[in-house]
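Enquirer: Structure provided below as structure tokens; questions to follow.
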Amino acid sequence: MKFPMLRLARSVWSVKPRAAIGLASVLVLLLAWYLATDVAGLIDRHRFPSPSDIWTAAAQILTRGYAGGTLVPQALYSLRLVVLGFLVATATGIPLGILMGLSRRFEAFVNPAFLLVRPIPPLAWIPLAIVWLGLADSAKVLVIWFAAFVPAVINAHAGIRSVDQTLIAAGRVHGASRARIVWDVLIPGAMPMIFTGLRLSLQASWTTLVAAELIGAVLGLGKVLSTAYRDIYPAMIAVGMITIALLGALTTKLLDLVERRVVRWRQY
Amino acid sequence: MLSLAGAAAFFGLWQILAGSGLVSKFVLPSPSDVLVAALTMMVEPFAGDTIQGHVGASLVRWAMGFGLAAGIGVPLGLAMGYWRLLDAMVSPVFEAYRYIAPLAWVPFAALWFGTGIGGPVMVIFTGAFAPCVLNAYRGAHLVERHLIEAARTLGAGGLRVLAEVLLPGALPSVVSGLRVGAGLGWQSLIGAELIVVSSGIGYVLVLGQSNLAPEIVMAAMLAVGVTGLLIDVALRFAEARIRRRWGQTP
């Protein structure tokens, strides 16, 4: 056969018709986009980039760099901040949530402060972080920490509370100490919910980082976006967005892998 | 009792830390400073308007963006739940869109629709859209198949099934999606106002920051938090009512 694409499409169709339709609709969209911009010129390129514009922009940032560096260091810079903020939030949020879940007294004591902080959107912390720490990396890590902290706490707390009471009773009947019940029954039982919280935290981390870098940054993907906006360079905006989406997807997949390792007893 | 003690400890520590002079006023204002700033801004205009005025301006934008997201997202989600072909066609595009942080749309939104009304509305839309679609989609799957089949047998067309069978059946799920979307939309709006827009409550935050007036920043944060909370409470109330009226207990 002369058309390998067609053959591929036919074999995908026979195995997974749903995926084939999805693939076809994406290809049609891409083709329509290409025809409307590069071929027919229906859409103003200064507002909406064409595929070839994006290709040029991607080549430019990969080889010569844009907004202070080439793509890989820029992406790594943003990734490092997200991972740092996310890890700090995880390391503080999960233990706090677990403690709040275990002890009603501790919960009652901490709750007022937590309830006051909770409704404030994480992005609203950015100006305060800038007043405190300027445009340094630490300001961004602080804001990401706030953003990722709340879902981590809430889900760890809810996870501990949602553990089946009969399991706890069964542990107690068999003579397990309180510490062992916490360690062997409550925390593993809360794990699936804790990971749900972590996924939300990760999403919040990326959103917050993008906002913080758009407001002010020396390097990073948000800086690429804001520079491209100022230069009215839509293709570069698109390259920045695609990179952010890919990194977001990549970190989410990594988290899924960790979850599969940690929550091994759960069936998928 | 313990909650009261916790609140007292929190505010006491804050007040002492701020009052002791260990930390500068330009870093951490005391809670009373923040309260005074908030009350002053309610009476005296700051940056052209009182704090209620700024919140109002933000709320109008939010309502437009959220209305658009709900008006497009819910029907789309229901339709995807009903027509498999549409589901297979839209899903990959939708999944790709979900990975883009809403705030990453800010440059395009400003470029396409300006920084007045259109740009912020688009950012709110991108923030609120995904939960609206997802929950309508899930809700549509929860509707019992024979209800749909019964309607079809009695001669209802696709659109009628959507409006009269799927929408009522999916309503509880739809409303919780709307609640999540409302929160995310509000949050995205604050981000947009911080970055490009020069009005609204987010802009007050920026001004407070550039004037090195943390008490104004904190007062504005308080206003943002309270407004978000009120939106959430109102929608929770609506959700509870709708659940009582439409929810089938599974």
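The values are calculated or read from the model by the stated rules, or taken from the named source; none is laboratory data. Given the structure is predicted, the values throughout are model-derived calculations rather than measurements. A quick note on method: Cβ atoms are made from the backbone with ideal geometry, for glycine too, and the neighbour counts reach across all protein chains shown.
For every residue, the table says whether it meets (1) part of a loop (DSSP other than H, G, I, E, B); (2) buried (at least 20 other Cβ atoms within 10 Å of the Cβ); (3) modelled with pLDDT of 90 or more.
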| residue | (1), (2), (3) |
| --- | --- |
| B:Ala63 | no, no, yes |
| B:Phe66 | no, yes, yes |
| B:Ala69 | no, yes, yes |
| B:Gly77 | no, yes, yes |
| B:Met80 | no, yes, yes |
| B:Leu85 | no, no, no |
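Enquirer: Considering (1) closer than 30 Å to B:Tyr203 by Cα; (2) touching a helix residue (DSSP H, G or I) at 6+ places or on another chain (Cβ under 6 Å), say which one A:Gly68 fails and leave the rest.
Expert: Going through the list (1) closer than 30 Å to B:Tyr203 by Cα; (2) touching a helix residue (DSSP H, G or I) at 6+ places or on another chain (Cβ under 6 Å), A:Gly68 breaks only (2).
Enquirer: So, one more: Can you give me the number of residues within segment A:204-232 that are touching a residue at least 60 places away in the same chain (Cβ under 8 Å), more than 8 Å from chain B (Cβ to nearest Cβ), closer than 16 Å to B:Val196 by Cβ and not in a helix (DSSP H, G or I)?
Expert: Result for segment A:204-232: 2.
Enquirer: Which one of A:Met236, A:Met241 is closer than 24 Å to A:Asp137 by Cα and free of Cβ contacts under 8 Å to residues at least 40 places away in the same chain? Give the derivation first.
Expert: On the way: A:Met236 fails: free of Cβ contacts under 8 Å to residues at least 40 places away in the same chain.
Result: A:Met241 is the single residue among A:Met236, A:Met241 that is closer than 24 Å to A:Asp137 by Cα and free of Cβ contacts under 8 Å to residues at least 40 places away in the same chain.
Enquirer: Still on this structure, I have one more. Which condition from (1) in a helix (DSSP H, G or I); (2) at pLDDT below 80 is the one that B:Ala234 breaks?
Expert: B:Ala234 satisfies all of (1) in a helix (DSSP H, G or I); (2) at pLDDT below 80 except (2).
Quick grid of which residues meet (1) in contact with a Cys (Cβ under 7 Å, 6 or more places away or on another chain); (2) of a type in the set (A, V, I, L, M); (3) more than 15 Å from A:Pro234 (Cα to Cα):
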site: A:Ser11; (1), (2), (3): no, no, yes
site: A:Ala19; (1), (2), (3): no, yes, yes
site: A:Ala24; (1), (2), (3): no, yes, yes
site: A:Leu29; (1), (2), (3): no, yes, yes
site: A:Asp38; (1), (2), (3): no, no, no
site: A:Ser52; (1), (2), (3): no, no, no
site: A:Thr56; (1), (2), (3): no, no, no
site: A:Thr63; (1), (2), (3): no, no, yes
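One line per residue, one yes/no per condition, for (1) aliphatic (A, V, I, L, M); (2) in contact with a Lys or Arg (Cβ under 7 Å, 6 or more places away or on another chain); (3) free of Cβ contacts under 8 Å to residues at least 24 places away in the same chain; (4) farther than 28 Å from B:Val93 by Cα:
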| residue | (1), (2), (3), (4) |
| --- | --- |
| A:Ser25 | no, no, yes, no |
| A:Leu30 | yes, no, yes, no |
| A:Asp38 | no, no, yes, no |
| A:Met100 | yes, no, no, yes |
| A:Arg105 | no, no, yes, yes |
| A:Arg118 | no, no, no, yes |
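Enquirer: Is it true that A:Val143 is within 30 Å of B:Gly208 (Cβ to Cβ), assigned to a helix (DSSP H, G or I), in contact with a Lys or Arg (Cβ under 6 Å, 6 or more places away or on another chain) and in the same structural domain as A:Val218 (by TED's automatic domain parsing)?
Expert: Numbers: within 30 Å of B:Gly208 (Cβ to Cβ): yes; assigned to a helix (DSSP H, G or I): yes; in contact with a Lys or Arg (Cβ under 6 Å, 6 or more places away or on another chain): no; in the same structural domain as A:Val218 (by TED's automatic domain parsing): yes.
No; evaluated as a whole, the condition is false for this residue.
Enquirer: Out of curiosity, is B:Ile100 within 28 Å of B:Ser198 (Cα to Cα) and not in a helix (DSSP H, G or I)? Show your work before the answer.
Expert: Values: within 28 Å of B:Ser198 (Cα to Cα): yes; not in a helix (DSSP H, G or I): yes.
For B:Ile100, the condition - within 28 Å of B:Ser198 (Cα to Cα) and not in a helix (DSSP H, G or I) - is met.
Enquirer: Now for a separate question. Take B:Val180 and decide whether it is crowded, with 16+ Cβ neighbours inside 10 Å, away from chain A (no Cβ under 13 Å) and part of a helix (DSSP H, G or I). Write out each step before concluding.
Expert: Numbers: crowded, with 16+ Cβ neighbours inside 10 Å: yes; away from chain A (no Cβ under 13 Å): no; part of a helix (DSSP H, G or I): yes.
Taking the combined requirement at face value, the residue does not satisfy it.
Enquirer: Now for a separate question. Out of (1) under 27 Å from B:Met221 (Cα atoms); (2) within 14 Å of chain A (Cβ to nearest Cβ), the odd one out for B:Ala96 is which?
Expert: B:Ala96 satisfies every listed condition except (1).
Enquirer: Hey, B:Asp33 hits all of (1) of a type in the set (D, E, K, R); (2) touching a residue at least 24 places away in the same chain (Cβ under 8 Å); (3) within 12 Å of chain A (Cβ to nearest Cβ) but one; which does it fall short on?
Expert: (3)
Enquirer: Taking segment B:15-48 on its own, how many of its residues are buried (at least 18 other Cβ atoms within 10 Å of the Cβ) and not in a loop (DSSP other than H, G, I, E, B)?
Expert: 7
Enquirer: Please find, within segment A:239-267, the residue that is farthest from the chain's Cα centre (by Cα) out of those that are crowded, with 22+ Cβ neighbours inside 10 Å and within 9 Å of chain B (Cβ to nearest Cβ).
Expert: A:Gly240
Enquirer: Further, regarding this structure: Yes or no: B:Ala101 without any contact (Cβ under 8 Å) to a residue 12 or more places away in the chain and within 18 Å of the chain's Cα centre (by Cα)?
Expert: So B:Ala101 fits the description; yes.
Enquirer: For A:Ser162, which of the numbered conditions (1) at pLDDT below 90; (2) farther than 24 Å from B:Gly183 by Cβ; (3) surrounded by fewer than 18 Cβ atoms within 10 Å (Cβ to Cβ); (4) not aromatic (Phe, Trp, Tyr) fails to hold?
Expert: Just one mismatch for A:Ser162, condition (2).
Enquirer: What is the residue count in segment B:201-226 for residues that are without any contact (Cβ under 8 Å) to a residue 60 or more places away in the chain, more than 18 Å from B:Val60 (Cα to Cα) and not hydrophobic (A, V, I, L, M, F, W, C)?
Expert: Here the count works out to 4.
Enquirer: Run B:Val197 past the list (1) within 20 Å of the chain's Cα centre (by Cα); (2) part of a helix (DSSP H, G or I); (3) not hydroxyl-bearing (Ser, Thr, Tyr) and report the number of the one that doesn't hold.
Expert: Going through (1) within 20 Å of the chain's Cα centre (by Cα); (2) part of a helix (DSSP H, G or I); (3) not hydroxyl-bearing (Ser, Thr, Tyr) one by one, B:Val197 breaks only (2).
Enquirer: Another question, then. Output the helices (runs of 4 or more DSSP H) that fall wholly within segment A:1-97 and possess 1 or more residues being over 24 Å from B:Leu86 (Cα atoms) and away from chain B (no Cβ under 14 Å), or say none. Steps first, answer last, please.
Expert: Working: elements: A:4-15, A:17-34, A:51-63.
Qualifying helices (runs of 4 or more DSSP H): A:4-15, A:51-63.
Enquirer: Taking B:Gly191 as the residue in question, decide whether it is touching a residue at least 60 places away in the same chain (Cβ under 8 Å), within 7 Å of another protein chain (Cβ to nearest Cβ) and either closer than 23 Å to A:Phe146 by Cα or in contact with a Leu (Cβ under 9 Å, 6 or more places away or on another chain) (or both).
Expert: Details: touching a residue at least 60 places away in the same chain (Cβ under 8 Å): yes; within 7 Å of another protein chain (Cβ to nearest Cβ): yes; either closer than 23 Å to A:Phe146 by Cα or in contact with a Leu (Cβ under 9 Å, 6 or more places away or on another chain) (or both): yes.
Spelling it out, B:Gly191 is indeed touching a residue at least 60 places away in the same chain (Cβ under 8 Å), within 7 Å of another protein chain (Cβ to nearest Cβ) and either closer than 23 Å to A:Phe146 by Cα or in contact with a Leu (Cβ under 9 Å, 6 or more places away or on another chain) (or both).
Enquirer: Take the conditions in a helix (DSSP H, G or I), facing chain A (nearest Cβ under 10 Å) and crowded, with 24+ Cβ neighbours inside 10 Å and apply them to B:Gly127. Does it pass? Even if it seems obvious, please write down each step before you answer.
Expert: On the way: in a helix (DSSP H, G or I): yes; facing chain A (nearest Cβ under 10 Å): yes; crowded, with 24+ Cβ neighbours inside 10 Å: yes.
For B:Gly127, the condition - in a helix (DSSP H, G or I), facing chain A (nearest Cβ under 10 Å) and crowded, with 24+ Cβ neighbours inside 10 Å - is met.
Enquirer: Shifting gears a bit: Among the residues of segment A:103-116, write down those that are surrounded by fewer than 17 Cβ atoms within 10 Å (Cβ to Cβ) and more than 8 Å from chain B (Cβ to nearest Cβ).
Expert: If the condition is that a residue be surrounded by fewer than 17 Cβ atoms within 10 Å (Cβ to Cβ) and more than 8 Å from chain B (Cβ to nearest Cβ), then A:Ser103, A:Arg104, A:Phe106, A:Leu115 are the ones that fit.
Enquirer: OK, next. What pairs can you find where one residue is in segment B:142-170 and free of Cβ contacts under 8 Å to residues at least 12 places away in the same chain, the other is surrounded by fewer than 18 Cβ atoms within 10 Å (Cβ to Cβ), and their Cβ atoms are less than 8 Å apart, with a gap of 6+ or different chains?
Expert: B:Ala156/B:Glu164; B:Arg160/B:Ala151
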